[in-house]
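So the structure is just underneath, and the comments pick up after that.
No value in this document is a laboratory result; all are computed from the given coordinates. Since the model is a prediction, treat every value here as computed from it, not as a measurement. A quick note on method: Cβ atoms are made from the backbone with ideal geometry, for glycine too, and the neighbour counts reach across all protein chains shown.
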Amino acid sequence: MLTQGEGQPDDVRQTAGLLLKNNLKSGWQNTSMEYRAYIQRALLPGLGHPSRFLRLTVGGACSYLAVCSYCTSVPLHSHSLLVPGLAFRFLTVSW
């Protein structure tokens, strides 16, 4: 609905994105690799959506997923590498 719900009102799609992000927070660690890969592939096109609100919603979900993946492999106090590292992890990690 969030990234493939063309024809649906933006507020409905944004709500779907917020529900997704909230559910990711509570269940990402228990999500199978197959579903993780699907979610990642489904979110990426949404980053270029014409609606600013949908881009922000998708970006929030992508940021959360990148942090989940990245924070488990980064030592503390290496914040100067955070943004490039998050982008690299989000685009290259096999979820």
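Quick rundown of the values:
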| quantity | calculated |
| --- | --- |
| Per-peptide average of other Cβ atoms within 10 Å, ordering 52-63, 26-37 highest first | 52-63, 26-37 |
| 3J(HN,Hα) from dihedral phi, region 30-44, Karplus parametrisation 6.51/-1.76/1.60, rounded to Hz, x for glycine, proline | 9, 7, 5, 4, 4, 6, 4, 5, 4, 4, 4, 5, 6, 6, 3 |
